[in-house]
Amino acid sequence: MSTSAVSRIHKNFINGDWVEARQGRTFENRNPADTSELVGIFPSSTHEDVNAAVEAAKAAFVKWRLMPAPRRAEILYRAAEILVKRKEDMARDMTREMGKPLSETRGDVQEAIDMTYYMAGEGRRLFGQTVPSELPNKFAMSVRDPLGVVGMITPWNFPMAIPSWKIMPALICGNTVVIKPAEDTPLSTYNLVQILIESGLPRGVVNIVNGMGPDAGAPLITHPDVSAVSFTGSTETGRIVNQACAPSFKPCHLEMGGKNIIIVMDDANLELAVEGAVWGGFGTSGQRCTAASRVAVHAKVHKEFLDRFAARVKSLKIGDGLDPGTDVGPVINETQLETVMKYVEIGKNEGAKIVAGGHRAESGGLSSGWFHEPTIFSGVDPRMRIAQEEIFGPVVAVISFSSFDESIEIANNVKYGLSASIYTRNANQAFRAMRDLQTGIVYVNAPTIGAEIQLPFGGTKGTGNGHREAGTAAIDFYSEWKTLYIDYSDRLQRAQIDAEL
Ligand code: UN1
């Protein structure tokens with residue numbers, strides 16, 4: 001089945017039915033590479049729709065939590081199989097709705113496939129602990145309980161992968177879901193949930209409510225029947241989500257901004273470091289929370305690196321992501337383009353020097369999309385705003401340093417802590433960097449992007465609030481420990497007090 005190239009009117013998905021928003025309002029989803037192309041029309045929901053979705057998820061939880069996890073897993077396995085078959089169509093839809101090149105949207109769908117298989121496998125694990133009791137004839141163990149209804153708010157840059165990072169672990173643990181996808185990319189969440197439905201997911205277990213943050217997202221996170229919230233997006237919005245969850249102590253997982261760095265030491269393989277900086281800085285047009293928006297280069301190799309980096313970046317082809325020759329697609333929307341252009345001005349005013357790009361890209365048929373040239377600033381002081389603030393666009397700040405310790409200090413001296421990388425051939429330096437970089441993810445001789453789903457994903461400081469997605473770490477968020485003591489001695493045994501056999 002192909003959903004590509006069909007402009008469709010979409011609905012919310014509540015309790016197994018496709019329904020319009022109660023107030024009948026809609027919004028448009030347009031292709032950022034060519035805004036004359038309408039990808040679809042989606043409902044603009046309010047608290048009434050959220051209430052209906054949460055009610056459905058709450059009712060569905062009663063049975064879903066009791067379905068054995070290996071049975072739940074069978075649905076996920078089937079979904080993964082269908083995803084594999086539809087990968088190309090899903091990737092095309094995604095490129096049309098958010099712009100990144102097909103090779104990358106295929107990767108996004110692949111990440112959802114990987115996560116779905118992985119979490120399906122967890123259906124036969126979900127390990128707890130069995131430990132000896134200190135008392136005789138007593139059994140002690142811990143098991144994982146689901147939380148209930150989980151509310152999810154997902155971003156537009158990984159519109160299938162990130163919903164899968166949240167939905168799949170939530171489901172395998174026995175939770176039910178209400179998801180509000182980003183208003184720029186609702187179609188990819190539809191495609192994912194459609195596949196779960198075809199795989200046999202019972203009614204009400206996953207519900208989609210589309211719309212804007214204040215109208216649909218806010219009532220979701222504050223709803224008393226939503227037991228936990230998972231949010232990926234900006235640090236500013238994450239703070240609002242965190243505060244909204246605080247009064248009721250609602251568990252809340254936040255995955256937020258980054259100001260990730262690639263450190264290039266003087267002994268690095270420069271060719272490799274340049275390729276890493278190009279992919280890390282300009283993959284997804286720099287719109288990854290893991291994007292390498294800072295590159296710190298040892299003074300001894302700074303000039304050579306910069307020359308090569310700038311030459312490579314100038315040769316990148318900007319265009320429609322559906323065109324196989326495209327390296328860099330558009331940014332997501334007009335607001336984001338304006339933000340990028342604003343930061344380019346800020347960088348210039350701060351005294352940094354543009355060595356590649358610097359402008360909106362409009363010639364050669366790009367004027368009807370939100371394109372910006374891949375842009376490099378050199379001569380950047382680490383305190384400048386372009387070296388401190390998340391831009392979320394194709395702008396890289398190159399900083400010079402003269403010692404290993406200085407590079408680590410520069411790396412850590414930002415308010416975010418998602419991902420960092422070092423290019424060096426010196427094992428001692430690599431291990432010191434792994435120890436001292438204050439980020440949730442560290443790469444050696446690879447760029448800051450490209451995390452795999454079987455390990456924890458997330459960051460420190462302004463990037464996160466201590467939780468992680470992916471791998472078994474995700475299971476930790478989507479389940480609650482329950483500790484079980486079974487005394488089969490037939491007498492009162494007092495822990496810490498009675499010791500005799
Ligand atoms: C994101 O940018 O929000 O590690 C997620 C990576 C991808 C995921 C990025 N696997 O770059």
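The values are calculated or read from the model by the stated rules, or taken from the named source; none is laboratory data. Computed from a prediction, not measured in an experiment: that's the story for all the values here. Cβ coordinates were reconstructed from backbone atoms using ideal geometry, including for glycine residues, and neighbour counts include every protein chain displayed.
Scan segment 316-336 and tell me whether some residue there is buried (at least 19 other Cβ atoms within 10 Å of the Cβ), within 15 Å of the ligand (Cβ to nearest atom), in the same structural domain as His372 (by TED's automatic domain parsing) and assigned to a helix (DSSP H, G or I). Checked segment 316-336: at least one residue is buried (at least 19 other Cβ atoms within 10 Å of the Cβ), within 15 Å of the ligand (Cβ to nearest atom), in the same structural domain as His372 (by TED's automatic domain parsing) and assigned to a helix (DSSP H, G or I). Filtered by the rule that a residue be among the acidic types (Asp, Glu) and part of a helix (DSSP H, G or I), segment 343-367 gives Glu345, Glu350. When segment 278-306 is filtered for residues that are within 10 Å of the ligand (Cβ to nearest atom) and either among the charged types (D, E, K, R) or not assigned by TED's automatic domain parsing to the domain that holds Ile332 (or both), only Arg288 remains. Among the criteria (1) in contact with a strand residue (DSSP E or B) (Cβ under 8 Å, 6 or more places away or on another chain); (2) buried (at least 22 other Cβ atoms within 10 Å of the Cβ); (3) of a type outside the set (Lys, Arg); (4) within 25 Å of Pro43 (Cα to Cα), the one Met212 does not fulfil is (2).
If you go through segment 318-361 and keep only what is touching an Asp or Glu at 6+ places or on another chain (Cβ under 6 Å) and free of Cβ contacts under 8 Å to residues at least 24 places away in the same chain, you end up with just His359.
Look at Thr284 and say whether it is modelled with pLDDT of 95 or more, crowded, with 21+ Cβ neighbours inside 10 Å, β-branched (Val, Ile, Thr) and within 17 Å of Pro32 (Cβ to Cβ). Yes: the conditions hold for Thr284.
So which residues in segment 459-501 are assigned to a loop (DSSP other than H, G, I, E, B), of a type in the set (Val, Ile, Thr) and surrounded by 10 or more Cβ atoms within 10 Å (Cβ to Cβ), if there are any at all?
Step one: of segment 459-501, the residues assigned to a loop (DSSP other than H, G, I, E, B) are 459, 462-463, 465-468, 470, 488-501.
With of a type in the set (Val, Ile, Thr) added as a condition, the list becomes 463, 497.
Listed by number, the list holds a single entry, Thr463.
Of the set (1) more than 18 Å from Ala273 (Cα to Cα); (2) within 16 Å of the ligand (Cβ to nearest atom), all apply to Asn428 but (2). Restricting attention to segment 135-169 and to residues that are in contact with a strand residue (DSSP E or B) (Cβ under 8 Å, 6 or more places away or on another chain), under 20 Å from Asp215 (Cβ atoms) and not in a strand (DSSP E or B), the residue that is nearest to the ligand (Cβ to nearest atom) turns out to be Pro155. Residues in segment 432-458 that are in contact with a Ser or Thr (Cβ under 8 Å, 6 or more places away or on another chain), assigned to a strand (DSSP E or B) and buried (at least 21 other Cβ atoms within 10 Å of the Cβ): Ile441, Tyr443. For the criterion of being within 16 Å of the ligand (Cβ to nearest atom), touching a residue at least 40 places away in the same chain (Cβ under 8 Å) and within 23 Å of Phe477 (Cβ to Cβ), Thr116 passes. For segment 43-66, the criterion of being assigned to a strand (DSSP E or B), within 17 Å of Asp184 (Cβ to Cβ) and not assigned by TED's automatic domain parsing to the domain that holds Pro324 is met by at least one residue. For segment 121-135, filtering for residues that are acidic (Asp, Glu), surrounded by 14 or more Cβ atoms within 10 Å (Cβ to Cβ) and more than 11 Å from Cys173 (Cα to Cα) leaves 0.
Could you look through segment 218-241, keep only residues that are part of a helix (DSSP H, G or I) and more than 17 Å from the chain's Cα centre (by Cα), and pick out the one that is surrounded by the most Cβ atoms within 10 Å (Cβ to Cβ)? Explain how you work it out, then say what you get.
Step one: filter segment 218-241 for residues part of a helix (DSSP H, G or I), giving 218-222, 235-241.
Pick out the ones that are also more than 17 Å from the chain's Cα centre (by Cα) and you get 218-222, 240.
Values: Ala218: 18, Pro219: 22, Leu220: 28, Ile221: 25, Thr222: 18, Ile240: 17.
Once the filter is applied, the top-ranked residue is Leu220.
Among Glu255, Glu275, which is the only one that is of a type in the set (Asp, Glu) and within 14 Å of the ligand (Cβ to nearest atom)? First the steps, then the outcome.
Details: Glu275 fails: within 14 Å of the ligand (Cβ to nearest atom).
After ruling out the rest, the residue left standing is Glu255.
Entry remark, segment 362-389: residues being more than 27 Å from the chain's Cα centre (by Cα), crowded, with 17+ Cβ neighbours inside 10 Å and over 15 Å from Ser400 (Cβ atoms) number 1 in total. Look at segment 436-457: where a residue is farther than 10 Å from Ile422 by Cβ and away from the ligand (no atom under 11 Å from the Cβ) and a partner is among the basic types (Lys, Arg) and not in a loop (DSSP other than H, G, I, E, B), sitting 6+ places away or on another chain with Cβ atoms under 8 Å, you get Gln438/Lys461.
Only one of the numbered conditions (1) assigned by TED's automatic domain parsing to the domain that holds Val274; (2) in contact with an Asp or Glu (Cβ under 8 Å, 6 or more places away or on another chain) is violated by Gly393, and that is (2).
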